[in-house]
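Taken together, the values in this text are just the output of simple stated rules run on the coordinates, not laboratory data. What you see is a predicted model; the values in this text were computed from it and never measured.
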Amino acid sequence: MSVSKKKRFADNAYYRGAFRWMGVGIEFCLVIGLFCLIGYGLDRWEGTAPGWMLIGFFVGFAIMLYIIIRRARITQDEMNADDEDAERRENSK
């Protein structure tokens with residue numbers, strides 16, 4: 001069992017996928033923070049309470065949720081294509 005773990009962690013694709021999703025998490029935080037900051041600026045300009053900041057939070061959250069779902073579908077399609085290519089190579093032998 002330890003051999004399979006070593007092989008899995010030795011594969012660069014494992015780390016590429018992990019770093020890709022860590023980057024998405026950082027992007028998630030930055031986009032929400034940016035929209036909250038814009039909302040905070042609008043609240044200060046108009047003299048309102050947290051209304052615009054909350055709207056900014058939810059807009060940023062919705063945008064990032066859409067982006068994450070789209071990227072997950074793209075990643076899944078890439079994985080399916082790789083599996084199909086490996087199956088074709090295996091059958092052609």
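Size estimate for the chain follows the Kirkwood approach: the inverse of mean 1/r over distinct Cα pairs works out to 16.5 Å. Here the sum of -39500 (n - 2.57) over DSSP H runs of 4 or more residues, divided by the residues of the chain, equals -33500 deg cm²/dmol at 222 nm, to the nearest 500.
Among the helices of the chain, those built from whole DSSP H runs whose Cα atoms reach 27 Å or more along their own axis and whose mean Kyte-Doolittle hydropathy is at least 0.5 are 12-46.
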